[in-house]
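Let me begin by presenting the structure, written as structure tokens, before commenting on it.
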Amino acid sequence: MLPLSLIPIALASALAFVSIGGGLYEFLVVDPAWPRRPNLIQPDAGGISRRRFWIPAHVAFELALIASLIIAWSQYEVRVALLAAAASHATMRLWSAFDFIPKALAFERADPAAITEPVARAWTRRSRFRFPLDLVTCGAMLAALAAAARHG
């Protein structure tokens, strides 16, 4: 029989990989194009809405991570891995909240003619540095999943 903690940890792990996929899509598909065409990231101008993906993706992951921590708290090895995932995710979210998101919202609201390509490119280059934190989160989630599977 599978341990109960395996279900929310597996879900949180899958959702962590959804963030990896979203990040890859952004910096491989969206970010190379939008600095030349800012309207691509302006929902009011018919462009994509990043928040329609990122808000549900992050909320779902965070809820699954919290459930995982509550259910697996008594399992030391699992708890440590989950706390590592929470720390790396929180670091990325705080950095985003105070740096990247305000700038992204400004790009979304700005007159496309007022956005210079060098400024937009600088934002996309810096944004890539959040990706390693997502990789750490995924690695920690996989470690938690493996530990939970061994624990059961």
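Overall size of the range 73-125 from C-alpha positions, given as principal axis extents largest first: 56, 18, 12 Å. Rolling a 1.4 Å probe over the protein heavy atoms gives the range 65-119 an accessible area of 57 Å² per residue.
The angle between the Cα long axis of helix 117-127 and the main principal axis of the chain comes to about 10°, on a 0 to 90 degree scale. Among Leu63, Leu40, Leu6, the order of accessible area from largest down is Leu63, Leu40, Leu6, computed with a 1.4 Å probe on protein heavy atoms. When only C-alpha pairs under 8 Å and at least 6 residues apart count, what is the relative contact order of the range 1-110, in percent? Relative contact order of the range 1-110: 33 percent. When the surface is traced with a 1.4 Å probe over the full set of protein chains, Ile55 keeps roughly 100 Å² accessible. In the range 2-139, taking the dipole from charged Cβ atoms about the Cα centre, the farthest positive-side position among Pro112, Ile7, Trp73 is held by Pro112.
In the range 1-148, the alpha-carbon atoms span a convex hull of 97 Å³ per residue. In this structure Phe17 has an accessible area near 100 Å², from a 1.4 Å probe over the protein heavy atoms. Were the residues from Arg121 through Leu40 laid out at 0.36 nm apart, the gain over their Cα-Cα distance would be 27.7 nm. By the Cα gyration tensor, the range 3-52 has an equivalent ellipsoid whose semi-axes, rounded to whole angstrom, run 33, 12, 4 from largest to smallest. Here is how the number arises for the chain: DSSP H runs of 4 or more residues each give -39500 (n - 2.57), the sum is divided by the residue count, and the result at 222 nm is -23000 deg cm²/dmol.
The length gained by stretching the chain between Ile20 and Leu94 to full extension, at 0.36 nm per residue less their Cα-Cα distance, is 24.9 nm. Mind checking which of Ala81, Ala14, Ala110 has the largest fluctuation in a GNM of the chain, springs on alpha carbons under 10 Å? The residue that fluctuates most here is Ala110.
Counted by Cβ distance under 15 Å from Ala90, the other residues give a net charge of -1, where Lys and Arg count +1 and Asp and Glu count -1. For the range 106-152, the Cα gyration tensor yields ellipsoid semi-axes of 41, 10, 4 Å (square root of five times each eigenvalue, largest first, whole Å).
Per atom type, the range 1-116 shows carbon and sulfur on 71% of its accessible surface, probed at 1.4 Å.
The values are calculated or read from the model by the stated rules, or taken from the named source; none is laboratory data. Note that the coordinates shown come from a computational prediction; the quantities given were computed from them, not determined experimentally. Note: ideal-geometry Cβ built from the backbone for every residue, glycine included; neighbour counts use all protein chains shown. Ligands, DNA and RNA are excluded from the accessible area calculation, which covers all protein heavy atoms including side chains. Shrake-Rupley method; radii C 1.70, N 1.55, O 1.52, S 1.80 Å.
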